1. Would you say Y85 is in a helix (DSSP H, G or I), surrounded by 10 or more Cβ atoms within 10 Å (Cβ to Cβ) and not hydrophobic (A, V, I, L, M, F, W, C)?
2. Please work out if Q42 is surrounded by 10 or more Cβ atoms within 10 Å (Cβ to Cβ) and at pLDDT 90 or above.
Amino acid sequence: MEDQQKNLYKTNNFNNEKEKSYELKYQKELLANENIGMNLLQKYQQEQLREKQKQQQKKYMTFLKYYILGFFVLYSINLLYRLYYLLEYDIYIYHPRVSEWHVYRFR
């Protein structure tokens, strides 16, 4: 009788250890799946952040491009305006018949 109880205790203990080992395996799997999920979430968030940074960089580069283009356009207009007024000159021609100077203005 005592032998049977001992054997029963041993088998119960063995079954309990088996159950504990199964629980541990299950918990490990859950943790692994959780880690995989967290890794996927982190990768997704990093990808979203990268795309957002790319879009911001694109916006900034287009702004910079048009800003520089506008600067050069305005500067060239200013240069042309200054050249136009530099080219403003008068021509004095002497007419011997009338015996006086005539002024031809180019503006």
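The values are calculated or read from the model by the stated rules, or taken from the named source; none is laboratory data. Note that this is a predicted model, so its numbers are computed, not measured. Neighbour counts are summed over all protein chains in view; Cβ atoms, including those assigned to glycine, are modelled from backbone coordinates with ideal geometry.
1. On the way: in a helix (DSSP H, G or I): yes; surrounded by 10 or more Cβ atoms within 10 Å (Cβ to Cβ): no; not hydrophobic (A, V, I, L, M, F, W, C): yes.
Criteria not met by Y85.
2. On the way: surrounded by 10 or more Cβ atoms within 10 Å (Cβ to Cβ): yes; at pLDDT 90 or above: no.
The answer is no for Q42.
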